[in-house]
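Novice: Mind having a look at this structure? Questions to follow.
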Amino acid sequence: MQLDTQTTIFMICFVYLMLHGAIWLALLEYRSFQVKLWCASGLISGVAVILLAMRGSVPEVMFFYVAQLLMLLGNWGRMVALRMYLLPASQSKAFHTYTLANTAYFFVFCYLIYFHQAEWEALLLFNGFYAVLCFDYFRIGQKLNQRQASFGSKLLMWAGLSFTVTLATRTFGVALIGDMHDIYAPSWDQGVMVAGQFTAITLSNIAFLRIFLEIAERQKLAMTHELAVTNERAESIRRTSVELQKLLQEREEIIRQLAIFNKTAGMGALVASLAHELNQPLTAMQLNAELIDSAFLSSQTSANSDHAIKEAMSDLFKDNQRAATIIKTLRNMFGNGRKSVTTFDMNELVNEVLLICKSRLTHQNIALKVELHPEAVRITADKSQLQQVFLNLITNAADAFAPNFAKQKCITVRTQLNDTQARLSVTDNGSGIAPEIVESIFELLRTNKDEGMGVGLWLSRTIVESHHGTINFETGSETGTTFTVTLPFSQETLIY
């Protein structure tokens, strides 16, 4: 069975429509603009081929102008769709070149047909133009293959070569004839061109489909890998978070144990002072109790009228209260170290700590000057921890004096209230901090005392900063040292 050229061209049209329609349906789930552009452009080219195969059945304007315009649009769309595989590399130059070349070709073709009816020259231009244009299929496939070798890119290269070689052969055959009476006349070059079109159209569509699926698969693998990496990172972060939580808990426990250790170590220096402080109210209580006992043994004495008994009773209550306050303060300061946040007056904290330190300061001939703010300086914090901070500062101030200190030893304690900040300062007129440890005074195990542990100031800063406060100092060999603790002034309970 012999097929005429027009029937063969209709078969090419069928291949156009069938392949592009099949790809559109196959890749519909991807909702890809690139796929829609490729397939729609292929269908437009198929319509153009139908018009090119129906000369004599359609008006000449449809055959020469509409068919040419549709063919140009179809090829432009497919070339742009293929170039999208080369993104993110810039393709704007290639897109502009396609547009200019297609526009120039269309105007030259229309000029030849409309003004000169030069069908032979127009056919020569038609085949030659598309032979050059379709070589870009090969170039795109080559670039894709260089980027990552694949079967789809190789098929595209073969499709480009098939388009170019067969259309160039048809151009050569038309050029040899030198004239054109019937564009459908069977000839060797027409046969080569038709066979080449079948092959090239099939290869280009398979190539487009393979490249799209290959890229989609690589993207899927990349996403799977990225998801695995993300999951691994998330698990690593979770493990790190757990470990960090454990480290923070261990740090808090270390600080608590150091606080207890620091308290215990500080007890030695307070033993004599505490014995003296507790001995005074206990002795007074004993004398007052004996006085009351003697008064009641005398039958002439009335408990309700005797002023001496009332005064003795009053002193007995005061001394008992004083001893109770000392014991309560000690119990609070030297407890188990668990945090207990309350709102209290900083002035009250100062008085309680000084109550157990006065005897030591007196024994060391240190004058104590207390300047408390006239109003209540209320803060929200762990009272026992801040008592320890204040005790450390008082102890350090008492130890700041050299054995041969010539001037009157003096320690000044102040509380101040400034806007939203409460301040507690302890100043001594000693010889200041040694210059070699000024920069590292708050570091753990750093001290200038012969018997010091280097825990007190580090622990004090840790406690103050945990209460959203600051601790700093000023020192000089002539002016002594002032430590200042600044804390937020608030009556609302902090949340830790």
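The values are calculated or read from the model by the stated rules, or taken from the named source; none is laboratory data. Just so we're clear, the structure is a prediction, and the values are computed from it rather than from any experiment. In this analysis, Cβ positions are derived from the backbone assuming ideal geometry, glycine residues included, and neighbour counts consider all displayed protein chains.
Novice: Can you find a residue that is modelled with pLDDT of 55 or more, farther than 22 Å from Lys383 by Cβ, surrounded by 15 or more Cβ atoms within 10 Å (Cβ to Cβ) and not basic (Lys, Arg) anywhere in segment 458-477?
Specialist: Yes, there is a match, as at least one residue in segment 458-477 is modelled with pLDDT of 55 or more, farther than 22 Å from Lys383 by Cβ, surrounded by 15 or more Cβ atoms within 10 Å (Cβ to Cβ) and not basic (Lys, Arg).
One line per residue, one yes/no per condition, for (1) in contact (Cβ under 8 Å) with a residue 40 or more places away in the chain; (2) not aromatic (Phe, Trp, Tyr):
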position	(1), (2)
Gly46	no, yes
Leu72	no, yes
Arg83	yes, yes
Tyr98	no, no
Phe106	no, no
Ile113	yes, yes
Ala118	no, yes
Val132	no, yes
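This table checks each residue for (1) part of a strand (DSSP E or B); (2) within 15 Å of Leu457 (Cβ to Cβ).
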| site | (1), (2) |
| --- | --- |
| Leu368 | yes, no |
| His373 | no, no |
| Thr395 | no, yes |
| Lys407 | no, no |
| Ile411 | yes, no |
| Gln416 | yes, no |
| Glu443 | no, yes |
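Novice: Any idea how many residues of segment 387-441 are surrounded by fewer than 16 Cβ atoms within 10 Å (Cβ to Cβ) and among the aromatic types (Phe, Trp, Tyr)?
Specialist: Matching residues across segment 387-441 total 1.
Novice: In addition: For the structure I just gave you, tell me whether Thr169 is at pLDDT 90 or above and either hydroxyl-bearing (Ser, Thr, Tyr) or assigned to a helix (DSSP H, G or I) (or both).
Specialist: yes
Novice: Restricting to segment 52-96, what's the tally of residues that are surrounded by 14 or more Cβ atoms within 10 Å (Cβ to Cβ) and either among the hydroxyl-bearing types (Ser, Thr, Tyr) or in contact with a His (Cβ under 8 Å, 6 or more places away or on another chain) (or both)?
Specialist: Residues that pass the stated criteria total 2.
Novice: Val229 - would you say it is over 60 Å from the mean Cα position of the chain (by Cα) and either at pLDDT below 90 or of a type in the set (S, T, N, Q) (or both)?
Specialist: no
Novice: Hey, which of the helices (runs of 4 or more DSSP H) in segment 1-85, taking only ones fully inside, have at least 2 residues that are more than 54 Å from the chain's Cα centre (by Cα) and modelled with pLDDT of 85 or more? Quick ask: steps written out before the conclusion?
Specialist: Values: elements: 5-26, 33-52, 67-83.
Fully inside segment 1-85 and qualifying: 33-52, 67-83.
Novice: Please go through segment 97-115 and pick out each residue that is surrounded by 15 or more Cβ atoms within 10 Å (Cβ to Cβ) and of a type in the set (A, V, I, L, M).
Specialist: Scanning segment 97-115 gives Ala101, Leu112, Ile113.
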